[in-house]
Amino acid sequence: METLVVKNTVSLRISLTTECQFRCLYCTAGKDHVGDAPAQRLTVEEIVSFVRQVKGRFRIEKIHLTGGEPLLRSDIVELVRRLSRLGIGDIALTTNGERLVDRAEALRDAGLRRLNISLDSLETRMLARITRGGHLERIVAGIERAGALGLRPIKINTVVLRGVNDGELARLAEWSLGHGWVPRFLELMPIGPAKPLHGRLFVPVQEIMERLARTFTLNGPLPEAGLGSTRYYAAASPRAVGRIGFITPVTHPFCAGCNRLRLTEAGDLVSCLACGLGVNVRQWLAPEGKGRPDRFANLLDRVLKTKKGRGLFQTETPMMAVGG
């Protein structure tokens, strides 16, 4: 495999916790996952130190805060505020939406600009089956609250699962577009607990698009700025018009254009979600580690150079532990 050329621009995905109040069947496979003890997580100071040092070496395209469920961290608003003060103009957050109705305004005021919401069904019983903990009415209320506060764009992420929610795709798309939100459909990744389920539940993007084409006219892919993981298509149905996104790590990998670095809650710097391997950088985030920016910059370069032109799904680590 060809090693990618290191670019001067990076996109950071920072996992704030492995804790989540949901037990999504493709993420935890029915196993409880309470995450590390709070003392083991990176602090706000350490995360800000990391971002500041990366910013000294690369141009940061955006920062995406993930988990687990990042809204379970009591200091999430302070972290967003501190990152915004560093001059990071594009700060996004992925959430399951369960606590969003209570925290959306504070997050916006702190500097959050956009949201990704994980929502795999609009059926109350189906959502409960998939998430084993999600409450549809509360999630929808949170999304509506965020939209009313002006957070844009709001992207609705749906992992497509055969025989589970694959009959809802057009409904999810029309519902999202009707509110001015952006629906995105994701192929299931064969990593962690999802690996043994993959053969039974996986739906390739071609089939996803064929299902949507029964309701929508799709034209694309549309030209996109930056090095994103999503291919967007212009979409129109009798009831909705807008863009629909497709994230296809299995059938059409986006590895060749990927400039992401992932930081886990424990301080592991990971170059690729599919491999889950990383180097712990916590020693460089403590006060005594700040005096050697050259050493830290060299470490960043080495990690980026481990990125490959085509990823292999070879990790048993749950996605929530790597910050999917």
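Taken together, the residues in region 78-101 that are farther than 26 Å from N259 by Cα and in contact with a Lys or Arg (Cβ under 9 Å, 6 or more places away or on another chain) amount to 5.
The residues in region 262-273 that are modelled with pLDDT of 90 or more and under 14 Å from the mean Cα position of the chain (by Cα) can be counted, and the count is 3. Answer yes if at least one residue in region 249-270 is at positive phi and in a loop (DSSP other than H, G, I, E, B), and no otherwise. Checking region 249-270: at least one residue is at positive phi and in a loop (DSSP other than H, G, I, E, B).
Among what's in region 154-182 and is among the β-branched types (V, I, T) and more than 17 Å from R129 (Cβ to Cβ), pick the residue that is farthest from the chain's Cα centre (by Cα). Only one residue fits best here, namely V182.
Scanning region 66-112 for residues that are polar (S, T, N, Q) and touching a residue at least 24 places away in the same chain (Cβ under 8 Å) yields T66, S84, T94, T95, N96.
Pairing residues of region 294-320 that are in a loop (DSSP other than H, G, I, E, B) with residues that are of a type in the set (D, E, K, R) and modelled with pLDDT under 80, at Cβ distances under 9 Å and at least 6 apart in sequence or on separate chains, gives G309/E2; R310/E2; P318/K31. Restricting region 217-246 to residues that are buried (at least 19 other Cβ atoms within 10 Å of the Cβ) and under 16 Å from the mean Cα position of the chain (by Cα) leaves a set whose member that is modelled with the lowest pLDDT is S229.
Please count how many residues of region 112-128 are touching a strand residue (DSSP E or B) at 6+ places or on another chain (Cβ under 7 Å), under 16 Å from S176 (Cα atoms) and of a type outside the set (D, E). Let's see the steps before the verdict.
Step one: filter region 112-128 for residues touching a strand residue (DSSP E or B) at 6+ places or on another chain (Cβ under 7 Å), giving 112-120.
Checking which are under 16 Å from S176 (Cα atoms) leaves us with 114-120.
Subset that is of a type outside the set (D, E): 114-119.
Residues in region 112-128 being touching a strand residue (DSSP E or B) at 6+ places or on another chain (Cβ under 7 Å), under 16 Å from S176 (Cα atoms) and of a type outside the set (D, E): 6 in total.
Looking at region 65-74 only, could you name the residues that are surrounded by fewer than 21 Cβ atoms within 10 Å (Cβ to Cβ) and not small (G, A, S)? Reasoning before the result, please.
Taking region 65-74 and keeping what is surrounded by fewer than 21 Cβ atoms within 10 Å (Cβ to Cβ), we get 72-74.
If the condition is that a residue be surrounded by fewer than 21 Cβ atoms within 10 Å (Cβ to Cβ) and not small (G, A, S), then L72, R73 are the ones that fit.
For region 139-176, filtered to residues that are surrounded by 23 or more Cβ atoms within 10 Å (Cβ to Cβ) and among the small types (G, A, S), the residue that is nearest to E207 (Cα to Cα) is A173. Scan region 177-191 residue by residue and report those that are surrounded by 22 or more Cβ atoms within 10 Å (Cβ to Cβ) and touching an Asp or Glu at 6+ places or on another chain (Cβ under 9 Å). Passing the criteria: P183, I191.
Residue-wise test of (1) modelled with pLDDT of 95 or more; (2) buried (at least 22 other Cβ atoms within 10 Å of the Cβ); (3) of a type in the set (A, V, I, L, M).
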{"residue": "L4", "(1), (2), (3)": "no, no, yes"}
{"residue": "K7", "(1), (2), (3)": "no, no, no"}
{"residue": "K31", "(1), (2), (3)": "no, no, no"}
{"residue": "G35", "(1), (2), (3)": "no, no, no"}
{"residue": "A39", "(1), (2), (3)": "no, no, yes"}
{"residue": "R57", "(1), (2), (3)": "no, no, no"}
{"residue": "I76", "(1), (2), (3)": "yes, yes, yes"}
{"residue": "S84", "(1), (2), (3)": "yes, no, no"}
{"residue": "N96", "(1), (2), (3)": "yes, yes, no"}
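Does A194 satisfy the criteria of being touching a residue at least 12 places away in the same chain (Cβ under 8 Å) and of a type in the set (A, V, I, L, M, F, W, C)? Judged against the criteria, A194 is a match.
The values are calculated or read from the model by the stated rules, or taken from the named source; none is laboratory data. What you see is a predicted model; the values in this text were computed from it and never measured. Every residue, glycine among them, receives a Cβ derived from its backbone with ideal geometry; neighbour counts consider all protein chains shown.
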